[in-house]
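Chemist: Take a look at this one; I'll ask things after.
The values are calculated or read from the model by the stated rules, or taken from the named source; none is laboratory data. Please read these numbers as outputs of a predicted model, since none were measured by experiment. Neighbour counts are summed over all protein chains in view; Cβ atoms, including those assigned to glycine, are modelled from backbone coordinates with ideal geometry. Quick note on the areas: whole protein, heavy atoms, side chains included, nothing else; ligands and nucleic acids left out. Shrake-Rupley method; radii C 1.70, N 1.55, O 1.52, S 1.80 Å.
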Amino acid sequence: AVVSTQSTGERGIVLFCAFNRRFDPSYRSIQEQARKGVVGHIQTIKSVSRDSPIIPLSFIESSGGIFDDFAVHDIDLLLWVTGDIPVQVFVSGNSQIPEFSKHNDYDNMIILLTFRSGTLGTIDLNRYSSYGYDQRLEVFGPLGMLHCENSRPTTLVHHTDTGSTQNPLFYSFPSHYDKAFRNELLYFVEVVRGRVALDITEKMTRAVSKVVDACKESTKSGLPVRLQWNDEELPEY
């Protein structure tokens, strides 16, 4: 559910939807460069989000499902980086892990988004990655590509005559997004103090929720779902 900023504003409360990936230094750099047009018109944007460790089984039922708990972050990321909104979504998903199927949820999913500008977006989601917390983003256009690789505890790579080794990926989101969470908290404090304007707006949050609802519909029907937007709904990225 999305709470109205009008109702919270009347109480003197700052409503902040915590899309933490916007505060990750690498993702913010990609967003800034993409919006400057360094790759030209964005033709494709791809995110990979594979979770580690698997969520507690007791959390599956109360999590809100893969869309509200998980996909929502990637959807916001793609809308924020492109500054655009999708006019069609198509989703294909299944349950490779029996516990998710028992709760009518999914753990393996691909989301395809077609944006107003013609940009195509894909979101590769999985609830369990055996090799660590896998988070990647790619933006491609006629002038080149922007790409964020996975971060690791150190960048050390050991090369020998038998091959190369390096540290594994971060285990889970608290360590992978440590800088993002710190930046997000500092930003929120500045917003509360009135020093900066809130740039995650109600319209942005509602737009993400609308796309999530369309994804749910596509998953149930097995068909693409068109989205219609009126002027009042359009966020300003």
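Chemist: When we measure straight from the Cα of Lys210, which lysines land under 24 angstrom away, once same-chain ones fewer than 8 places off are left out?
Modeler: Straight-line reach from Lys210, under 24 Å: Lys46, Lys220.
Chemist: Now for a separate question. Using the Kyte-Doolittle scale, which helices in the chain average at least -0.5 and also have C-alpha atoms spread 20 Å or more along the helix axis, with helices defined as whole DSSP H runs?
Modeler: Span-like helices, by this rule, are 178-192.
Chemist: If amide H atoms are built 1.01 Å from N in the plane of the peptide, which residues on other chains or at least 5 residues away come under 5 Å of the amide H of Tyr128?
Modeler: Counting only residues 5 or more places away or on other chains, the set is Asp51.
Chemist: Working out 0.36 nm times the residue gap between Ser164 and Arg193, then minus their Cα-Cα distance, what length gain in nm do you get to one decimal?
Modeler: So the extension gain works out to 5.6 nm.
Chemist: Next question, about the same structure. Can you run phi through the Karplus equation (6.51, -1.76, 1.60; θ = phi - 60°) for the range 93-106 and list ³J(HN,Hα) in whole Hz, with x for Gly and Pro?
Modeler: My calculation for the range 93-106 gives x, 7, 10, 8, 9, x, 4, 5, 4, 4, 9, 6, 10, 10 Hz in order.
Chemist: Pop a pseudo-label 7 angstrom from the Cα along the beta-carbon direction at both Asn104 and Phe181 and give the gap in nm to one decimal.
Modeler: 3.2
Chemist: Just the accessible area per residue of the chain, please: how many Å² with a 1.4 Å probe?
Modeler: 54
Chemist: Just to verify a number: FRET efficiency for Arg136 and Leu156, C-beta to C-beta distance, R0 = 25 Å, to 0.05?
Modeler: After rounding, the FRET efficiency stands at 0.80.
Chemist: On to the next question. Could you check how much of the accessible area of the chain is carbon and sulfur, as a whole percent, using a 1.4 Å probe?
Modeler: So the carbon and sulfur contribution to the accessible surface is 53 percent.
Chemist: Could you give the length gained on full extension between Leu234 and Ile13, defined as 0.36 nm per residue of separation minus the Cα-Cα distance, in nm?
Modeler: Taking 0.36 nm per residue and subtracting the Cα distance, the gain is 77.2 nm.
Chemist: Here is a follow-up. Just to check I understand the Karplus step: with θ = phi - 60° and J = 6.51 cos²θ - 1.76 cosθ + 1.60, what whole-Hz values come out for the range 152-158, glycine and proline as x?
Modeler: Values per residue, Gly and Pro as x: 9, x, 9, 9, 5, 10, 9 Hz.
Chemist: Let me ask something additional. Estimate the FRET efficiency between Ile54 and Leu143 by the formula 1/(1 + (r/R0)^6), using the beta-carbon distance for r and 41 Å for R0, to the nearest 0.05.
Modeler: 0.55
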